[in-house]
Each structure stands twice: as C-alpha cells, then as structure tokens.
Amino acid sequence: MSKCKGKVLTRFYISILNLLSHLSFCATISAEESYQTRMVNYCEPPTIDFENKIHQYYTKHTDDSFQKVSEFLAQKSPNELQFDSEKESLHSLLTDLNISIHSQALVFSNTSLQLSRISQKNPRAIFFNDNLYVGYVPGGFIEIIGIDPQIGAIPYVFKLPQKGDLQYPPIRRSTRCMRCHATKQTGGIPGLLLSSVIPAETGGSLDNLNPGTPGHHIPYSKRFGGWFLTNQPDYINNWSNSIGMMNQKGQIKQKKIQLPEDNVSKYHLSNKSEMVTHIVMEHQIGFTNLCISAQFALRESKLPKNKSTKHQVEDYFIEQLLRYSLFVDEPSLPIPAGQETSTFVTYFEKSYPKKNPFNLFRKIDLDTRLFKTRCSYMLGSQLFKALPDDFKNSFMISLMDIVSQKNTELSFLGSHLEDDERERILNTLSQK
C-alpha cells in the first residue's frame, strides 16, 4: 500500500510540474495570442466599397498632388508651349511636376490604357516622385496619377503640348482607369498597380507572375516581368528583358530580348531603367495602397452597421502598417546590386529636404536589402500624416515600443532589426 501511495504521489507531483510548465509556456505566448485573438476576424483585409457615398470619390473636390500643377499648366502662355519635340515637351512637364528623369522605368508589356501603342520596340516610360506617377508612351498621351490622401489615386490623361498650340491641351480626369486601378489587386480601393507578367512575343500576356497586391514582399523571381532592366546581370533569376514562348507541350519557355537602344535614345529622356528604381517604386506603391486602404476602411468602420468591428479594423491596419513600414516581409536581394553607377540612387538620397527627419531612411543599401535602415521614409509623407490622429498616434506608440523592444504583443515585428537600425529609428522618431 505504501509503495502504491508513493507512485500516486510521484504522479501527482509530475502532473503539477507539467501544469506549471504549461502555464509558464502559455504566459510567454499569451501576449501574442491575445493580439491574434483580436485579429481572428481580420486575417483577410476588410472589404471596401470605394463607391460608397461616404467616400465621395467621384464628387469630392480633389486635393491630390497633381491638381495644383494642372491649374498652373492651364495658365501657360502660347510662347511657353512651343516645343520642338515630344521629348522636349515631356522634359518640361516633368520639371513642372518636380520629377526627375532618373526615376525612369521602362515597361514593354501591354498593361496600360494605351496597350496598342506599347511594344518591345516602343516601351512605355514611368516616372515618379513620392506622390505622383507619370506614364508616357512615344506617340501617345500622358497618363498621370496623383494621390489624394483622403480618397486615393486620381488618374488624369492629356496630350503633350506641341508647336502651334495656343493653350495647354485639355486635362481630364479619367474614369476608365478605375477598371484596373480599383480592383481586387488594389484591395478594392482607388490605388496603384505594378504589373509583372510573362509577355507573349506578339503582344498580350501568357501568365501573371504576381496576381496579388504590389509591394516589397514580392519574391524577386516574381518581379520585373514585362520590364526592361538596364543594369542587371543575366544570371539573376527573373523575367526582366524577357518574353515567353509556348512550346508544343504547352510549357512557357523564357527568351531573353534586348533593349531597343536606338528607339530609346531617340524617343525617351534616358537610356536607363534601373532595378533599384523599380524596387523603390514597388515599396512606395505598396505603402501608398496600404494607407489608402486604411483611410477607406476606417471611414467605413464608422458606419452604424460596422460599429461592432471598428476596433478590429484599427488593429488590423496598425499591424499591417507596422509590418510593412519595418520591412518584415522583405526578401533578401538575390545578389548585391551595387549602387556606384546609379543616377537614381544619387537623386533619391540627396534631392529631398533634410528638414523631414524621415528622409534619413532614404539611404540605399543594395547589399542584402533595399534600405540601410528598415523603416519606411514614407512615414514622413503627406499620405501618412493625413491618417486619422487616433489611429496614427496608436501606430507611432506601437512603433516606438517595437523598436525599443518594450512591446510584448508586437515585438516579433522588430526581431529582424539590427542594433544600429534601432538606434537610427529611435533617434528619428524622437525628432518627430
């Protein structure tokens, strides 16, 4: 009987130890679990209806980044419109928009409103700054997307002025663009796209390499399809400078093509289309779409029917914006890309006002990652500043806690940061 008692007591003590061990383990994960529990209903983005009257997308007076410039262009005198070439007219427009020609990226896939004009021999050029995007096809019209911090992407189309014009050609807001720029790929909001497809030899696309939302999380093997890159080694595995050829088995085989240097020199402002330009633009587009989505979702969360989920919507977008701003899901560069000969890097790092402390985060790395400091420079943008104050304050408190390693719920979002990065981020946030 005493032996039996001893076995029972031993089992009892073991059970107690196991229970204590389990409770200890639960305590270490309870913070993250409590956060995940709040998020359980929002593992997918909230559905957004950009045409809901609460947003006033088509009726509100726009305050986008192109609106004031368009008024300035419309007031130009005839003497200011006498350009000798389309290139000269384009260069003047970019100067008025404060967009550098070094931001040029060349795309030859038929993924635009002007798809019939775009080809391997006549690529489309994209230029951009923090809040403006310009599309130009030689012989075609200009496409511009301005960003209104409250209602998102606003597309415009117009012709470039040419010799003989007495006034600037009419600039009109385009609704046709929303067939692509307000779809599942943008999260249902008026947003930005950055396609990556396998172009067919005769035009069109054989496959979509990235049917999801654009952003810096995309694997490099899925990027650049349909784009020319002018400074990339051939051995990097991606679909830049390539078309697809269908064999008899129905398989797509990759065929490399060359940049049409003569046509590019003749019709475009630069003969460069750099990889670093493309990946900076991809990061910026992802951040822009996320902020626009947050604006729309937070507005819709105030509707009576959504009152019960308001806090979950806020939690969802705070977590998503923290994850994106800290480059949590950024893949490593396939090889060190180098920046010594990059005209874009020189422009991007040095041409922005130093009074904005977030511009410190523009320093390019290109060794294993895009930026030296993995915290987005777009936190200093008007787009971010226009987010609701309560949301923004909660975000900034969480960001500070993550970087300073105080936050137990979201600390996993900063586990990849190096000590010197943390120091730079904290110093910058303290200047805000």
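Key figures for this structure:
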item: Scope the stretch 275-286; condition touching a helix residue (DSSP H, G or I) at 6+ places or on another chain (Cβ under 8 Å) and either under 10 Å from residue 317 (Cα atoms) or crowded, with 24+ Cβ neighbours inside 10 Å (or both); matching residues; result: 277, 284
item: Of residues in the stretch 239-265 being touching a residue at least 60 places away in the same chain (Cβ under 8 Å) and of a type outside the set (A, V, I, L, M), the one nearest to residue 93 (Cα to Cα); result: 263
item: Qualifying residue in the stretch 266-284 (condition: more than 22 Å from residue 241 (Cα to Cα) and in contact (Cβ under 8 Å) with a residue 24 or more places away in the chain); result: yes
item: Residues of the stretch 402-423 classified as outside any loop (DSSP other than H, G, I, E, B) and under 25 Å from the mean Cα position of the chain (by Cα), total; result: 8
item: Every pair of residues 6+ apart whose Cβ atoms lie under 9 Å, when the first sits in the stretch 203-216 and is within 17 Å of residue 288 (Cβ to Cβ) while the second is among the acidic types (Asp, Glu) and not in a loop (DSSP other than H, G, I, E, B); result: 214/282; 215/282; 216/282
item: In the stretch 392-432, the residues that are in contact (Cβ under 8 Å) with a residue 12 or more places away in the chain and of a type in the set (D, E, K, R); result: 409, 421, 422, 424, 432
item: Neighbours by Cβ (under 6 Å, 6+ apart or cross-chain): first from the stretch 364-377, assigned to a strand (DSSP E or B); second of a type in the set (S, T, N, Q); result: 364/339
item: Single unsatisfied condition, residue 305 versus (1) at pLDDT 95 or above; (2) of a type outside the set (A, V, I, L, M); (3) farther than 28 Å from residue 328 by Cα; (4) not assigned by TED's automatic domain parsing to the domain that holds residue 134; result: (1)
item: Residue list for the stretch 96-109, filter: touching a Phe, Trp or Tyr at 6+ places or on another chain (Cβ under 7 Å) and in a loop (DSSP other than H, G, I, E, B); result: 99, 100, 104, 108
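Residue by residue, here is whether (1) modelled with pLDDT of 95 or more; (2) part of a helix (DSSP H, G or I) holds:
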| residue | (1), (2) |
| --- | --- |
| 320 | yes, yes |
| 323 | yes, yes |
| 327 | yes, no |
| 354 | no, no |
| 361 | yes, yes |
| 390 | yes, yes |
| 425 | yes, yes |
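The values are calculated or read from the model by the stated rules, or taken from the named source; none is laboratory data. Computed from a predicted structure; not experimentally measured. Because the Cβ atoms are built from the backbone with ideal geometry, glycine has one as well, and the counts that use them run over all protein chains shown.
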